[in-house]
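Step one of this worksheet: look at the structure below.
The values are calculated or read from the model by the stated rules, or taken from the named source; none is laboratory data. Not measured: the values here are computed from a predicted model. Here Cβ is always computed from backbone atoms with ideal geometry, including for glycine, and neighbour counts include all displayed protein chains. To get the accessible areas, we keep the full protein, side chains included, count just its heavy atoms, and leave off ligands, DNA and RNA. Shrake-Rupley method; radii C 1.70, N 1.55, O 1.52, S 1.80 Å.
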Amino acid sequence: MELAKKNSLIAPKRKKKIRKDILHENIAGWLFLSLNLIGYMIFKLIPIILSLIFSFCEWNLVSGLKGIKFIGFKNYINLLTDDVFIKSLVNTIVYAAVTVPCSVFLALILAVVLNDKIFFKSLVRLGFYLPNIASMVAISVVWSILYMPTFGPINQFLISIGIEHPPGWLSSSQWALISIIIMSVWQAVGYNAVILLAGLQSVPGTLYESAEIDGAGPLRKFFQITIPMLSPTLFFVTVISIIGSFQVFTQVNVMTQGGPGTSTSVLVYYIYKAAFTYNKIGYANAIGWVLFILVFIFTTLQWKFSNKDSHVN
């Protein structure tokens, strides 16, 4: 009886101790998370909310906070009749539609080649990855020199092989966007190839050996083994490339400033111009939210198509 009484007294004490320990662990966990949570709220969540609010307002920085005026959907309605916005939207979609497939396709071919037995494999991989490490500003300056219409190395080479009237590149409204696309594909291929190469190295070699025994050639192995096994990595690379292509800014800002005319103006550059050149903060935020919706739509579509392909396979 006495032993039972002692156990009945000890049990509540143990429960209290366990509750205290759990409480202390929870407090310690929240304290560790607090810095990240506070940083996320101050630098991301609150600015996102304010950006959405400002997109329904008319405001310029000069007037201060007192100059904020709520105008409803007027900023979004004005976008429909803004020729520069429409041109920037078209340029952004064209840039993404060309850059993403080209960079992913070339990266896939490069990854397959690098995955094979070649000499100095590590150095070759490093060489292709270096453009991704280098500063985009520096890369843009170098390519601006390469694209010089008169004394640029590219046009000098084209003249030397008999092309009398080479493209004007950045100085031509027809070629300026193409020039930026070429440079962007060159810069993105190395990074995409390294990611795809990591995916290729996880494909079991026994699959290729079995396919060879069945008489499969290189193309059949590529389409029936490599592509299906690499589909999750391809999906990741494609989504990252889509998001990056819609956020293109540095190349345009350094190389063309949106010109000639508006031939290379893209949405992020127009956001910058609207906010800091034209001083239309509300209008710039509205463009930013249109850009967010576009990225969300394209990413969702890519996700759905990827899921459909995986179900079919």
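Observations on the model:
- Residues whose amide H comes within less than 5 Å of that of Glu58, counting only those at least five positions distant or on another chain, are Lys69, Phe70, Ile71 (H built at 1.01 Å from N in the peptide plane).
- The chain: DSSP helices with Cα axial extent of at least 27 Å and average Kyte-Doolittle hydropathy no lower than 0.5: 83-115, 176-200, 227-246, 281-312
- Rounded to the nearest 20, the size of the Cβ-charge dipole of the chain about its Cα centre is 1920 debye, with Lys and Arg at +1 and Asp and Glu at -1.
- At an R0 of 41 angstrom, the distance between the Cβ atoms of Ile48 and Arg14 translates into a FRET efficiency of 0.30.
- Each label was represented as a point 7 Å from its Cα along the Cα-to-Cβ direction; for Ser171 and Val203 these points are 4.6 nm apart.
- Cβ-Cβ distance of Phe292 and Val141, R₀ of 41 Å, FRET efficiency by 1/(1 + (r/R0)^6): the value works out to about 0.85.
- Positive end of the dipole of the chain (Cβ unit charges, origin at the Cα centre): among Gly67, Tyr278, Thr238, the Cα lying farthest that way belongs to Gly67.
- Carbon plus sulfur fraction of accessible area for region 48-150, probe 1.4 Å, in percent: 76 percent
- Highest mean packing first, where packing is the average number of other Cβ atoms within 10 Å per residue, the peptides 208-215, 179-186, 151-158 line up as 179-186, 151-158, 208-215.
- Average accessible surface area per residue within the chain, 1.4 Å rolling probe, Å²: 63 Å²
- The chain, helix-only ellipticity at 222 nm - DSSP H runs n ≥ 4, -39,500 (n - 2.57), divided by all residues, nearest 500: -24000 deg cm²/dmol
- Were the residues from Asp214 through His24 laid out at 0.36 nm apart, the gain over their Cα-Cα distance would be 62.2 nm.
- For region 79-125, the Cα gyration tensor yields ellipsoid semi-axes of 40, 9, 5 Å (square root of five times each eigenvalue, largest first, whole Å).
- Surface/4 of the Cα convex hull for region 184-236, nm²: 4.0 nm²
- Across every pair of non-identical alpha carbons in the chain, the mean reciprocal distance, once inverted, gives a Kirkwood radius of 24.2 Å.
- In a reduced charge model with +1 at each Lys and Arg Cβ and -1 at each Asp and Glu Cβ, region 205-313 shows a dipole moment near 480 debye about its Cα centre.
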